[in-house]
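The values are calculated or read from the model by the stated rules, or taken from the named source; none is laboratory data. Note that the structure is predicted; figures quoted are calculated from it, not measured. Positions of Cβ are backbone-derived with ideal geometry, glycine not excepted, and every protein chain shown enters the neighbour counts.
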Amino acid sequence: MEKEIIESNGKKVSFITLGCKVNQYDSDAMRSLFVRNGYKVAKENENADVYVINTCSVTSIGDRKSRQMVRRIRREHPRAVIAAAGCYAQLAPDVFVQMGDVDVIVGIQNRSHIVEYVEEAAAEKKTLNAVGDIMAVTDFENLSVDAEGEVKTRAFIKVQEGCDNYCTFCIIPFARGKLKSRRQSDAVEEIRRLVEKGYREVVLTGIHLGNYGKDLHDGTSLSTLVTELVRIPDLLRIRLGSIESVELSDELIRIIREEPKVCPHLHLPIQAGSDDILKRMNRHYRLAEYKELIRNLRKEIPGLALTTDLIVGFPGETEENFRETLDTLQELQFSAIHVFPYSPRKGTPAAAYPNQVKPEIKKERAARVQALGKELAGAYRNQFFHKMVRVLVEEEKEGFFEGVSDEYIRVFIKDKDVEKGKVYSVWIDSMTDNGMIGMVQKEEENE
């Protein structure tokens, strides 16, 4: 159901989002709350009355960037109301109170009241700290996104919050709290509305997406949600966000294999290619299990795109451990690798581990993985040379229409007679450093 938008109050709001796709969804949902309450979204380089900074705390660098952004906005807009939301605001509200530059601190919960908080802080000229105990929260905060302004083809939809894994390098379980799943009917309703507005692909996201539904105790799972979404007529593609390998069910694998709407693309974070390091990270699998899963997935879903996350320079990682990781990556042939040098995060066990790896070694190892990742990505793309791929057209830029394939490869289309938001079969006839170029052979059934 469409949310009622009240008459404009003449005020403008601007959002600055740091961090992950989950944070981006949260920003989009809060932006929709402001619009429903009569605010306009400030354009780029346009002054706003309210600035919402959605902070990140996945690393200490994220903390620093969040503080720097607050100071910059206060310096440039001294009369504006500034609200800090997100993980860093949740973990360290006192930091923002002490800075003296923030009017509202909302963290991860109670974001549904952010407009009220902003207006109360503005009226009473005081700092309002609405951060509570996230570990006491057991229900998903059901925010939703409205289609405002230019409709894009792909929407990121958050269906799950919180994490129970407690990897030794990660602060997020302490920021986001326990597992909390969105009711399936609420997620489906939001996606139906966005499809009616013109969105054609959804990416399901969450902090611990593979465990979606586990806390609801009513049979809801990622498989049941995807099965329901497949029935939405004008939703052309469903893509899954990052999933832990141990949470992939046989039913979900079957759906990916058999249902054309579900993209043959899985992002399965490996984080390390050495059992010694996986154990120190408190990852809930070992290398042999992960490799066996990848073999089975490729057998069950031919052509599957597999992407991953990797941390290099974790405390205690020896050159031997790192060489084992390189061998693992070479063996598993990922189509993309997102590599991160380990960053100590205060409050996590790993930050206090002995044998911290020197920054220059972490940087060098990251560069080696990036070089290997580029090579593997190119090899994966080359499989599609002189073959057909399905492409959802997203935009026109620099003389080409662009989109991504089901496998999440960027494709540049030479034809001019194509439409944004439609799926085409494209014959690939050349490659670029980060994508493919081709000609349309036919328009797919777009319903």
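Counting only residues that are basic (K, R) and surrounded by fewer than 22 Cβ atoms within 10 Å (Cβ to Cβ), which one in region 111-132 is farthest from K11 (Cα to Cα)?
Filtering first and then ranking leaves K126.
Looking at R75, R71, R64 in this structure, which one is modelled with pLDDT under 95, surrounded by fewer than 20 Cβ atoms within 10 Å (Cβ to Cβ) and outside the structural domain of E141 (by TED's automatic domain parsing)?
Answer to the selection: R64.
Being hydrophobic (A, V, I, L, M, F, W, C), free of Cβ contacts under 8 Å to residues at least 40 places away in the same chain, outside the structural domain of A89 (by TED's automatic domain parsing) and surrounded by fewer than 22 Cβ atoms within 10 Å (Cβ to Cβ) narrows it down to one residue among V188, V195, V226; which is it?
Of V188, V195, V226, the one residue that is hydrophobic (A, V, I, L, M, F, W, C), free of Cβ contacts under 8 Å to residues at least 40 places away in the same chain, outside the structural domain of A89 (by TED's automatic domain parsing) and surrounded by fewer than 22 Cβ atoms within 10 Å (Cβ to Cβ) is V226.
With the checklist (1) more than 22 Å from the chain's Cα centre (by Cα); (2) modelled with pLDDT of 95 or more; (3) farther than 30 Å from M439 by Cα; (4) of a type outside the set (A, V, I, L, M, F, W, C) in hand, flag the one item E375 doesn't pass.
The number of the failed condition is (3).
Does region 163-185 hold any residues that are touching a residue at least 60 places away in the same chain (Cβ under 8 Å), within 17 Å of the chain's Cα centre (by Cα) and assigned to a loop (DSSP other than H, G, I, E, B), and which are they?
C170, I171 - these are the residues of region 163-185 that are touching a residue at least 60 places away in the same chain (Cβ under 8 Å), within 17 Å of the chain's Cα centre (by Cα) and assigned to a loop (DSSP other than H, G, I, E, B).
Quick one: is N142 touching a Lys or Arg at 6+ places or on another chain (Cβ under 7 Å), over 21 Å from L392 (Cβ atoms) and outside any helix (DSSP H, G or I)?
yes
How many residues, within region 184-220, are more than 23 Å from S32 (Cβ to Cβ) and touching a Leu at 6+ places or on another chain (Cβ under 8 Å)?
Residues that pass the stated criteria total 6.
Based on what the data block shows, is L372 under 29 Å from K152 (Cβ atoms) and in contact (Cβ under 8 Å) with a residue 24 or more places away in the chain?
Judged against the criteria, L372 is not a match.
Out of everything in region 196-239 that is assigned to a helix (DSSP H, G or I) and within 20 Å of the chain's Cα centre (by Cα), what residue ends up being farthest from V423 (Cα to Cα)?
Out of the qualifying residues, it is N211.
If a residue counts only when it is outside the structural domain of V226 (by TED's automatic domain parsing) and within 23 Å of the chain's Cα centre (by Cα), which helices (runs of 4 or more DSSP H) contained entirely in region 254-356 have at least 3 such residues?
Counting at least 3 such residues, we get 287-300.
Does I82 qualify as being closer than 19 Å to I16 by Cα and in contact with a Cys (Cβ under 9 Å, 6 or more places away or on another chain)?
Criteria not met by I82.
Please verify whether region 91-110 includes one or more residues that are farther than 30 Å from T168 by Cα and surrounded by fewer than 20 Cβ atoms within 10 Å (Cβ to Cβ).
yes
Between residues in region 334-351 that are more than 17 Å from K279 (Cα to Cα) and at pLDDT 95 or above and residues that are part of a strand (DSSP E or B) and among the small types (G, A, S), which pairs lie under 6 Å by C-beta distance while being six or more apart or on different chains?
From residues that are more than 17 Å from K279 (Cα to Cα) and at pLDDT 95 or above, the pairs are S335/A305.
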